[in-house]
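A.B. asks: Here's a structure for you.
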Amino acid sequence: MDSERFIHLRNLVGYDNLRIAKMFNIDVEEVEAYCLGTRPVPDKYANDLEAFADWSSEVSHTYVKRELAKKHLNRSDVSE
């Protein structure tokens, strides 16, 4: 994962460098190095961040998906 992708995913989940560091239990300086591209992002962190971003997207858009289903299926019984 390159630094651009790392930053994009960090922003997508709404985290700053400190929260990413806490999530991975690493020093914030490491996260800053990943963002600057001066240190490669380890595969484990890259995969975990990708998975977390996917999960966050699904969770955050559940309400929107439900409302669109109601509208486009003309159904009001779509459950939460």
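The values are calculated or read from the model by the stated rules, or taken from the named source; none is laboratory data. For clarity, every value in this text was computed on a predicted model and none was experimentally measured. Cβ sites come from the backbone with ideal geometry, for glycine too, and all protein chains shown count toward neighbours. Accessible surface is based on the protein model in full, side chains and every heavy atom, while ligands, DNA and RNA are left aside. Shrake-Rupley method; radii C 1.70, N 1.55, O 1.52, S 1.80 Å.
A.B. asks: Quick one: in region 1-13, of everything that is assigned to a loop (DSSP other than H, G, I, E, B) and touching a residue at least 40 places away in the same chain (Cβ under 8 Å), which residue is nearest to A53 (Cα to Cα)?
C.D. replies: For region 1-13, the residue satisfying everything is V13.
A.B. asks: Still on this structure, please answer the following. State all residues of region 18-27 that are within 19 Å of F52 (Cα to Cα) and open to solvent by 40 Å² or more (accessible area, probe 1.4 Å); if no residue qualifies, say none.
C.D. replies: L18, R19, K22, M23, N25
A.B. asks: Say we look at region 31-47 and pick out the residues that are at negative phi and touching a helix residue (DSSP H, G or I) at 6+ places or on another chain (Cβ under 7 Å); which of these is most open to solvent (accessible area, probe 1.4 Å)?
C.D. replies: L36
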